[in-house]
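The structure appears right after this line, and notes come after that.
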Amino acid sequence: FWDDFLFVFGSAVLGMFLLLMLGRNTVFELQTRLRNNQMPGIAIIHRTVVMIGAFFIFLPGILTDVLGVLLVLPGLRHLL
């Protein structure tokens, strides 16, 4: 029981931490680029995919954690 509980709780904490940090940075970069009359570009798309991966890590379950890790890791993200 405790192993499963710690896995679910740990992945939820990790996913929430990634969402908070990446979300704040993504919004800040988007505002900066728009303020400078620049197009957001591919970097915003990559950060959005990482945020989706962090959300999947936040959700309980093995399959969502695996999919979230695939979306967060840079080398594997390009393959998807």
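Express the Stokes-Einstein translational diffusion coefficient of the chain in µm² s⁻¹, to the nearest whole number, given a Kirkwood radius over alpha-carbon pairs, 37 °C and a viscosity of 0.692 mPa s. In µm²/s, the coefficient rounds to 246. What the phi angles of the range 45-53 give under the Karplus curve with 6.51, -1.76 and 1.60, with θ = phi - 60°, is a coupling list of 5, 4, 5, 5, 5, 5, 5, 5, x Hz, glycine and proline written as x.
Loop-located chymotrypsin sites (Phe, Trp or Tyr not before Pro) in the chain (DSSP state other than H, G, I, E, B) with a sparse environment of at most 11 neighbouring Cβ atoms within 10 Å: Phe1. For the chain, a simple Cβ point-charge model (Lys and Arg +1, Asp and Glu -1, everything else neutral) yields a dipole of about 500 debye relative to the Cα centre. A simple rule links phi to the HN-Hα coupling: the Karplus curve 6.51 cos²θ - 1.76 cosθ + 1.60 with θ = phi - 60°, which for the range 13-25 gives 5, 4, x, 5, 4, 5, 4, 5, 5, 6, x, 5, 5 Hz, with x for Gly and Pro.
Using a probe of 1.4 angstrom and keeping all protein chains present, the accessible surface of the chain works out to 72 square angstrom per residue.
The values are calculated or read from the model by the stated rules, or taken from the named source; none is laboratory data. Since we're looking at a predicted model, the values are computed, not measured. Every residue, glycine among them, receives a Cβ derived from its backbone with ideal geometry; neighbour counts consider all protein chains shown. What goes into the accessible areas is simple: the full protein's heavy atoms, side chains included, and nothing from ligands, DNA or RNA. Shrake-Rupley method; radii C 1.70, N 1.55, O 1.52, S 1.80 Å.
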